[in-house]
1. Considering every residue in B:65-76, what mean count of other chain Cβ atoms within 10 Å of its Cβ is obtained?
2. Quick check on chain B: what does the Kirkwood estimate of hydrodynamic radius come out to from the alpha carbon pairs, in Å?
3. Considering amide H positions built from the backbone, and no H for Pro or chain starts, which residues 5 or more places from residue B:79, or on another chain, come under 5 Å of its amide H?
4. How would you rank A:27, B:112, B:45, going from fewest to most other Cβ atoms within 10 Å of each one's own Cβ?
5. Determine, for B:147, B:77, B:204, the number of other Cβ atoms within 10 Å of each Cβ, and report the residues in order from fewest to most.
6. Can you list residues from other chains, or at least 5 along the same chain, whose modelled amide H is less than 5 Å from the amide H of residue B:169?
7. For a quick check: sort B:149, B:76 by the number of other beta carbons within 10 angstrom, fewest at the front.
8. Efficiency by 1/(1 + (r/R0)^6): what FRET value for residue B:157 and residue B:88, r their Cβ-Cβ distance, R0 = 35 Å, to the nearest 0.05?
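Values in this text are rule-based calculations from the coordinates and carry no lab data. For clarity, every value in this text was computed on a predicted model and none was experimentally measured. Counting neighbours? That spans all protein chains shown, and the Cβs are built from the backbone with ideal geometry, glycine included.
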Amino acid sequence: MNEVLANEHVTLLELLDRLLNKGVMIWGDLVISVAGIDLVYLRLQLLLAAVETLGRDPR
Amino acid sequence: MSTELLLLGFIRATASELVKQVDVPVLFAIVCGSSAGVAVPAEAWPEGLAGLQLQNRVLLGLNESDGVLPVRTGTVFGSAGEIQELIARYDSEIRRRLDLIAGKVELGLDLWTTDSQATCGPADGPGRQYLRRLCGAVADPGPVGAFCVALHQRLTEISAESERLACLRPSTVFRASYLLPKEKVEEFKSLVTGEVGGMNELGFLITGPWPPYSFSCLELEKGEGSGR
């Protein structure tokens, strides 16, 4: 059957998914930098504010 | 002046000497109680994909030797003292989880199909339509879905733990991770090959062995004195 992606690409996706989404979560400052760019700079209180805002305005 | 530390994972304190056997000189262990954190100076760590692949290699080496709980990528501490403080507060939870994953590896399984009836299709068009198709696929998984459920059950029976994961591609019909004793890895592969091999419309990919990323399900919180 035709493969949508070559196996090594799928494995790379799997690696990224595990490294970025899995593992012990430590709440506090979290900086993820890929290729020299901070993709995520997160403080818990900012995340909570965003969810609260989302809850106020469903549109 | 303190150097920021990238925390890669936790190991048992008794295994802290194994860190020196991993071929990464900047790696060191911070022991506290019965656990230890494995860290590197953030400035000495390569950026981008190279850093991620090196992290995976380090964790794989540590897991091969004893067992490691990977910490989510990008977790930075201001000092070794902060890491010690964290371990001191959560030592018993970390140790309990380390004892559970010791001697085990994670394998991933990805099943996909070319039969568009068995999937919810690509995520093109309005999002609402896609979500409706997705809900329909969940409500009525069809024969392929039933096969996946049965296979997952059989694989779970030979695993210490298992977890179904979100599919990364539209053609994927099933994705899961399994925590397996090392001696069960070949049995797992044989089972998948035998079961899925007879299904013409299905393809599969087994990935790993991985460090137990999907089974390091601890959530810890830095102390108040640890903020930057």
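1. 5
2. For chain B, the Kirkwood estimate is 19.6 Å.
3. Under 5 Å from the amide H of residue B:79 lie the amide H atoms of B:5, each far enough along the sequence or on another chain.
4. A:27, B:45, B:112
5. B:204, B:147, B:77
6. Those lying under 5 Å, H to H, from residue B:169: there are none.
7. B:149, B:76
8. Computed FRET efficiency for residue B:157 and residue B:88 comes out at 0.35.
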